[in-house]
1. Can you tell which of 192, 180, 161 is over 30 Å from residue 93 (Cα atoms) and among the aliphatic types (A, V, I, L, M)?
2. Quick check, is residue 362 more than 21 Å from the chain's Cα centre (by Cα) and polar (S, T, N, Q)?
3. Only one of 326, 349 is of a type outside the set (Ser, Thr, Tyr), assigned by TED's automatic domain parsing to the domain that holds residue 259 and touching a Ser or Thr at 6+ places or on another chain (Cβ under 8 Å); which?
4. Do we have any residue at all in the range 258-274 that's part of a loop (DSSP other than H, G, I, E, B) and out of contact with any Asp or Glu (no Cβ under 8 Å at 6 or more places or on another chain)?
5. Quick check: is even one residue across the range 52-63 crowded, with 22+ Cβ neighbours inside 10 Å, among the charged types (D, E, K, R), modelled with pLDDT of 95 or more and closer than 28 Å to residue 257 by Cβ?
6. If residue 214 passes every condition in (1) of a type in the set (Gly, Ala, Ser); (2) within 22 Å of residue 259 (Cβ to Cβ); (3) in contact (Cβ under 8 Å) with a residue 24 or more places away in the chain but one, which one does it miss?
7. I'd like to know if the range 304-314 contains one or more residues that are assigned by TED's automatic domain parsing to the domain that holds residue 263 and within 19 Å of residue 234 (Cα to Cα).
Amino acid sequence: MIKKGITIVVLMVMMFACSSSDGDGDNKTKDNFDRQTMLINWADNIIIPVFQDLNTQLDALVTAKNTFVATPNQTNLEAFRLAWLNAYKVWQYAEMFNIGKAEATNYVYQMNVYPTTVADIEANIANGTYDLTHANNNDAVGFPALDYLLYGVASGDAAILNVYTTNANASGYKTYVSDLVNQMKSQTQAVLTDWTSGYRTTFVNSTTNTATSATNKLANDFIYYYEKGVRANKVGIPAGVFSTTPLPEKVEGYYNKNVSKILILESMNAVQNFFNGKAYNDAGTTGASFKTYLDYLNIAKGGTDLSTLINNQLNLARTKIQDLNANFSSQINTDNTKMTLAYDELQKAVVLFKVDMVQAFNISVDYIDADGD
């Protein structure tokens with residue numbers, strides 16, 4: 001009877017321990033940092049303004065597309081391309097916010113999966129029937145698909161214009177590029193509307209420290225964007241860091257050939273501005289952020305504030321990127337060492353974010369790292 005009583009007590013203790021550590025209960029140590037002020041700054045000064053700007057740029061892209069489809073000439077092609085690039089640059093600020101409607105609708109994967117799969121695009125156009133929202137078409141839509149359709153569908157501008165004018169299936173190409181842009185606009189409008197019609201309230205009131213709370217989810221989205229979207233996709237994968245040989249065909253903006261550097265520099269600004277809590281429409285204005293959170297906790301590493309170390313490392317990585325050719329494919333083919341050096345500096349910030357920062361916030365990383373870094 002005594003042994004049985006002891007066993008019951010032990011089991012009860014074990015069950016209590018499990019229930020205190022499992023699930024999404026509010027059982028993590030509270031640090032008293034005002035998370036809601038940070039969430040409000042993120043929502044009102046960064047996230048919603050980003051999606052508003054992206055939506056505006058996509059309005060311009062729709063207009064440029066409509067003009068080009070009606071009259072496919074060189075002037076309208078150039079205007080279409082410029083609108084594509086303007087929207088693509090803003091996208092670099094939006095991609096990290098894979099939360100709410102964006103997460104529910106697979107939005108990120110519909111907008112910027114690269115390299116695009118030419119065979120899928122051409123098959124869709126040839127068939128004339130397609131569901132662009134289907135996961136199988138993630139690599140045949142969005143900005144990378146437009147990159148191909150505006151720059152790579154033929155060799156030289158004259159031949160590209162012929163695809164949309166004298167080609168036997170010119171109408172099919174015009175319909176596809178039109179459907180593609182319209183989908184990008186409608187999906188972005190849906191995400192923006194979700195934020196402004198209710199999700200913002202849910203977001204700013206999600207102040208607990210749980211796996212599904214706003215701060216924890218967005219911290220993971222932020223780190224994932226930096227580690228995978230920036231470090232790996234834009235530099236590491238095409239430079240061959242994760243393969244036996246370089247893969248220059250996997251760079252962002254492959255068909256344009258001159259925007260890879262532009263886009264990654266925009267993404268670096270997006271990462272650093274968000275970390276520091278800078279307002280999207282006024283970089284001179286800052287609010288509560290990961291930086292102020294770390295400073296509040298007085299987190300240091302090697303005698304230096306962790307927030308300072310992070311900013312210094314991002315600045316160092318940016319200098320390595322600025323040394324690269326505007327055409328990353330060309331850079332890889334001529335001097336890939338510069339690409340791998342840029343990768344190395346980007347990787348150092350991953351450790352600061354993914355280990356030191358999340359430990360300080362008592363947040364768990366919610367995605368599996370499978371690239372061996």
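1. Working: 192 fails: over 30 Å from residue 93 (Cα atoms); 180 fails: over 30 Å from residue 93 (Cα atoms).
That would be 161, the only listed residue that is over 30 Å from residue 93 (Cα atoms) and among the aliphatic types (A, V, I, L, M).
2. Details: more than 21 Å from the chain's Cα centre (by Cα): yes; polar (S, T, N, Q): yes.
Against the criterion (more than 21 Å from the chain's Cα centre (by Cα) and polar (S, T, N, Q)), residue 362 qualifies.
3. Working: 349 fails: touching a Ser or Thr at 6+ places or on another chain (Cβ under 8 Å).
Residue meeting the stated conditions: 326.
4. Taking the range 258-274 first, the residues part of a loop (DSSP other than H, G, I, E, B) are 258-259.
If we keep only those that are out of contact with any Asp or Glu (no Cβ under 8 Å at 6 or more places or on another chain) too, we end up with 258.
Yes, the conditions are met somewhere in the range 258-274.
5. Filtering the range 52-63 down to residues crowded, with 22+ Cβ neighbours inside 10 Å leaves 54, 58, 61.
Now drop any that are not among the charged types (D, E, K, R), which leaves none.
No: zero hits.
6. Single failed check for residue 214: (2).
7. Initially, the range 304-314 is screened for residues assigned by TED's automatic domain parsing to the domain that holds residue 263, giving 304-314.
Restricting the remaining residues to those that are within 19 Å of residue 234 (Cα to Cα) gives 313-314.
Within the range 304-314, one or more residues are assigned by TED's automatic domain parsing to the domain that holds residue 263 and within 19 Å of residue 234 (Cα to Cα).
For (1) surrounded by fewer than 21 Cβ atoms within 10 Å (Cβ to Cβ); (2) under 21 Å from the mean Cα position of the chain (by Cα); (3) within 16 Å of residue 270 (Cβ to Cβ); (4) among the charged types (D, E, K, R), each residue gets a yes or a no:
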| residue | (1), (2), (3), (4) |
| --- | --- |
| 81 | yes, no, no, yes |
| 88 | no, yes, yes, no |
| 96 | no, yes, yes, no |
| 103 | yes, yes, no, yes |
| 111 | no, yes, yes, no |
| 120 | yes, no, no, yes |
| 127 | yes, no, no, no |
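The values are calculated or read from the model by the stated rules, or taken from the named source; none is laboratory data. Keep in mind that what you see is a predicted model, and the values were worked out from it rather than measured. Cβ: placed from backbone, ideal geometry, glycine included. Neighbour counts: every protein chain shown.
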